[in-house]
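K.L.:
Sharing a structure, written as structure tokens. Questions coming.
The values are calculated or read from the model by the stated rules, or taken from the named source; none is laboratory data. None of these values were measured; they are calculated from a predicted model. Note that we place each Cβ from the backbone using ideal geometry, even for glycine, and neighbour counts take in every protein chain shown. Quick note on the areas: whole protein, heavy atoms, side chains included, nothing else; ligands and nucleic acids left out. Shrake-Rupley method; radii C 1.70, N 1.55, O 1.52, S 1.80 Å.
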Amino acid sequence: LQTSILTGIASGLQGWSKAPKPKAWDTVVAKLGKDEKLAPIIRDLSAVFGSGRAMDELLAIAKDDQADAQSRRAALKSLLANPKPDLLPLLRAWTQDKILGTAAIAGLASFDDPSVPKALLERFPRFSADSQSAALNTLASRTSYATALLDAMKSGTVPRKALSPFQARQIANLGDAALTEKLKTAWGEVRDTPEAKKAELAKWKKVLTKQALASADASKGRVVFNTACAACHKLFGQGGAVAPELTGSDRGNMDYLLENIIDPSATLPIDFRMSVFTLKDGRVLTGIVAEQTEKMITVQSQVERVIVEKSALQKQDILPMSLMPEGLLTALGEAQARDLFAYLMSPQQVELPAVK
């Protein structure tokens with residue numbers, strides 16, 4: 001019962017940076033704080049209630065490279081719920097940590113500091129694929145960071161193809177005209193014109209013929225789907241629930257698939273309209289509203305789920321466009337696109353490629 005009550009309180013306060021401490025909380029800590037199962041929950045709640053000791057304990061766990069990996073990640077997650085200035089140098093150091101690296105890189109987006117883009121761009125070539133993706137998301141979250149990223153792309157430090165269409169859209173959503181022009185030069189143009197979409201549709205119809213798909217590898221296409229689509233879409237019972245379920249859709253119709261991938265905003269349910277959230281600290285988030293309460297709003301992007309206090313929001317702009325990125329097929333290339341369509345049009349689940 002005690003575990004259920006504490007878990008329920010923790011769930012209700014998820015995402016809160018601070019909350020009033022209950023009068024009897026010190027008694028709860030004294031009585032249950034040494035229980036191995038309850039200690040992590042009590043520590044996290046104590047941090048929300050403003051306990052400096054709890055924050056010190058979380059910091060000690062995150063710093064301990066001999067501690068359990070899951071405990072270190074959980075400690076860092078709690079610290080990032082209410083990031084303090086003295087956390088910044090630790091996050092920069094942890095970008096190279098095998099356990100905390102990717103989370104630390106994502107956490108740097110909470111800080112507006114010129115040392116952040118410099119640190120990420122210097123280490124970018126040595127990051128893992130997941131860490132590179134997290135670095136690009138962080139660099140696309142602020143105008144100054146995105147400027148440094150595009151300069152690095154222009155000089156060749158960061159490969160142009162590393163930036164996904166979604167991340168390019170996020171940079172465009174920052175709303176800086178000079179930055180958008182820089183994006184066109186360093187990466188390419190984020191196009192919305194009907195003429196461009198018609199031309200792209202015609203091009204891919206010529207590429208994705210029945211003959212081409214007959215020689216495609218649906219098994220490899222499943223890998224492409226898991227990488228590019230599964231974070232949002234569910235197919236054959238696997239994947240995310242951010243975007244519409246694909247299993248029962250008209251997947252056997254090439255025109256249906258192409259139109260929805262090339263122009264995902266053409267037919268758009270209201271629940272899937274993209275919003276641009278500008279935070280008071282200058283950070284910009286792009287995603288859909290997954291959940292919200294009187295105090296909190298949960299933003300779901302293609303790559304992460306972020307809980308934000310409404311008091312931290314400066315504004316929310318709802319756009320008449322989908323979260324799904326345009327230019328996906330161009331980013332994949334013809335070979336991967338053929339494999340993806342072979343999988344999408346498959347009447348049943350296929351096996352993943354054998355591990356060699």
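K.L.:
Six or more apart or on different chains, Cβ under 8 Å: which pairs go from a residue in the stretch 285-307 that's closer than 19 Å to LEU174 by Cα and outside any strand (DSSP E or B) to one that's hydroxyl-bearing (Ser, Thr, Tyr) and open to solvent by less than 10 Å² (accessible area, probe 1.4 Å)? Could you list them?
P.N.:
SER301/THR286
K.L.:
Within the stretch 181-194, is even one residue under 19 Å from MET274 (Cβ atoms), more than 22 Å from the chain's Cα centre (by Cα) and hydroxyl-bearing (Ser, Thr, Tyr)?
P.N.:
Looking for residues that are under 19 Å from MET274 (Cβ atoms), more than 22 Å from the chain's Cα centre (by Cα) and hydroxyl-bearing (Ser, Thr, Tyr), one finds at least one in the stretch 181-194, hence yes.
K.L.:
Determine whether LYS161 is at negative phi, modelled with pLDDT under 95 and either in contact with a strand residue (DSSP E or B) (Cβ under 7 Å, 6 or more places away or on another chain) or not acidic (Asp, Glu) (or both). Break it down stepwise before answering.
P.N.:
Details: at negative phi: yes; modelled with pLDDT under 95: yes; either in contact with a strand residue (DSSP E or B) (Cβ under 7 Å, 6 or more places away or on another chain) or not acidic (Asp, Glu) (or both): yes.
Considered against the rule, which asks whether it is at negative phi, modelled with pLDDT under 95 and either in contact with a strand residue (DSSP E or B) (Cβ under 7 Å, 6 or more places away or on another chain) or not acidic (Asp, Glu) (or both), LYS161 comes out as yes.
K.L.:
For the stretch 68-122, give me the residue count where each residue is more than 19 Å from the chain's Cα centre (by Cα), of a type in the set (Ser, Thr, Tyr) and closer than 22 Å to ALA152 by Cβ.
P.N.:
1
K.L.:
Kindly indicate the residue of the stretch 308-323 that is within 17 Å of ILE171 (Cβ to Cβ) and either assigned to a strand (DSSP E or B) or out of contact with any Phe, Trp or Tyr (no Cβ under 8 Å at 6 or more places or on another chain) (or both) and also most open to solvent (accessible area, probe 1.4 Å) among those meeting that condition. Steps first, answer last, please.
P.N.:
At the first step, the residues of the stretch 308-323 found to be within 17 Å of ILE171 (Cβ to Cβ) are 317, 319, 321, 323.
From what is left, the residues that are either assigned to a strand (DSSP E or B) or out of contact with any Phe, Trp or Tyr (no Cβ under 8 Å at 6 or more places or on another chain) (or both) are 317, 319, 321.
Numbers: ASP317: 60, LEU319: 38, MET321: 36 Å².
The extreme case among them is ASP317.
K.L.:
Six or more apart or on different chains, Cβ atoms under 8 Å: show the pairs whose first residue is in the stretch 60-81 and open to solvent by 90 Å² or more (accessible area, probe 1.4 Å) and whose second is of a type in the set (S, T, N, Q).
P.N.:
none
K.L.:
Among the residues of the stretch 308-356, which ones are within 19 Å of PHE166 (Cα to Cα), in contact with a strand residue (DSSP E or B) (Cβ under 7 Å, 6 or more places away or on another chain) and among the β-branched types (Val, Ile, Thr)?
P.N.:
Result: ILE318, single match.
K.L.:
Let me ask you something else. Of the conditions (1) touching a residue at least 24 places away in the same chain (Cβ under 8 Å); (2) surrounded by fewer than 16 Cβ atoms within 10 Å (Cβ to Cβ), LEU45 fails just one. Which one is it?
P.N.:
Exception for LEU45: condition (2).
K.L.:
In the stretch 129-225, which helices (runs of 4 or more DSSP H) lie fully inside it and hold 1 or more residues that are free of Cβ contacts under 8 Å to residues at least 24 places away in the same chain and closer than 19 Å to ALA119 by Cβ? Walk me through it before giving the result.
P.N.:
Details: elements: 129-139, 143-155, 165-172, 177-186, 194-207, 210-214.
Correct list: 129-139, 143-155.
K.L.:
Regarding LYS84, is this residue modelled with pLDDT of 95 or more and of a type outside the set (A, V, I, L, M, F, W, C)? I'd like the intermediate steps shown before the answer.
P.N.:
Numbers: modelled with pLDDT of 95 or more: no; of a type outside the set (A, V, I, L, M, F, W, C): yes.
No, not satisfied.
K.L.:
Let me ask something additional. Does any residue of the stretch 192-199 turn out to be closer than 24 Å to VAL242 by Cβ and of a type outside the set (Phe, Trp, Tyr)?
P.N.:
Kept after step one, since they are closer than 24 Å to VAL242 by Cβ, are these residues of the stretch 192-199: 192, 197.
Adding the requirement that they be of a type outside the set (Phe, Trp, Tyr) leaves 192, 197.
Yes, some residue in the stretch 192-199 is closer than 24 Å to VAL242 by Cβ and of a type outside the set (Phe, Trp, Tyr).
K.L.:
Mind listing whichever residues of the stretch 324-338 are of a type outside the set (A, V, I, L, M), surrounded by fewer than 22 Cβ atoms within 10 Å (Cβ to Cβ) and either touching a residue at least 24 places away in the same chain (Cβ under 8 Å) or on the phi < 0 side of the Ramachandran plot (or both)? Quick ask: steps written out before the conclusion?
P.N.:
Initial filter on the stretch 324-338 (of a type outside the set (A, V, I, L, M)): 325-327, 330, 333-334, 336, 338.
Add one more test, that the residue is surrounded by fewer than 22 Cβ atoms within 10 Å (Cβ to Cβ), and what stays is 325, 327, 330, 333-334, 336.
Once the filter is applied, which keeps residues that are of a type outside the set (A, V, I, L, M), surrounded by fewer than 22 Cβ atoms within 10 Å (Cβ to Cβ) and either touching a residue at least 24 places away in the same chain (Cβ under 8 Å) or on the phi < 0 side of the Ramachandran plot (or both), the stretch 324-338 yields PRO325, GLY327, THR330, GLU334, GLN336.
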